[in-house]
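Visitor: The structure follows.
The values are calculated or read from the model by the stated rules, or taken from the named source; none is laboratory data. Predicted model only: the values in this text are computed from it and were never measured. Cβ atoms come from the backbone with ideal geometry, glycine included; neighbour counts cover every protein chain shown.
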Amino acid sequence: MRSMVSNADIEQRWIDAWNDLLDLVRGRGNVPCQLPDGSVVTVDGCKAWLQERAYEGQRVGVKSGWVEGRQAVIAEILDPLV
């Protein structure tokens, strides 16, 4: 399925997800990010996850949420790249 999408398109998708992440964080330090498997990582860990999954052929995104009683970011797999 990945062969249908150029590397430039894949890169743009994770860059868009990073931008959405940074918009949600808005310079606040130590914002937790929950991954789909339930693990909680740092913003840098979330960035790495978004990039890795995009290159694995997933369309990824982030949304605002709550983790452990704190405002957080929830990372999600939206659907396969098309």
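Visitor: Is it true that ILE15 is in a helix (DSSP H, G or I), surrounded by fewer than 19 Cβ atoms within 10 Å (Cβ to Cβ) and of a type in the set (Val, Ile, Thr)?
Guide: yes
Visitor: Separate question: All but one of (1) of a type in the set (D, E, K, R); (2) at pLDDT 95 or above; (3) more than 12 Å from VAL62 (Cα to Cα) hold for ASP9, so report the exception by its number.
Guide: So ASP9 meets the others, but not (2).
Visitor: For the range 19-58, which positions are on the phi > 0 side of the Ramachandran plot and touching a helix residue (DSSP H, G or I) at 6+ places or on another chain (Cβ under 9 Å)?
Guide: ASN30, GLY57
Visitor: What tally of residues in the range 47-82 results from selecting those that are in contact (Cβ under 8 Å) with a residue 12 or more places away in the chain, touching a Phe, Trp or Tyr at 6+ places or on another chain (Cβ under 9 Å) and either small (Gly, Ala, Ser) or part of a helix (DSSP H, G or I) (or both)?
Guide: 8
Visitor: A further question follows. Out of the residues in the range 18-46 meeting the condition of being outside any helix (DSSP H, G or I) and polar (S, T, N, Q), tell me which one is modelled with the lowest pLDDT.
Guide: If we take residues in the range 18-46 being outside any helix (DSSP H, G or I) and polar (S, T, N, Q), then ASN30 is modelled with the lowest pLDDT.
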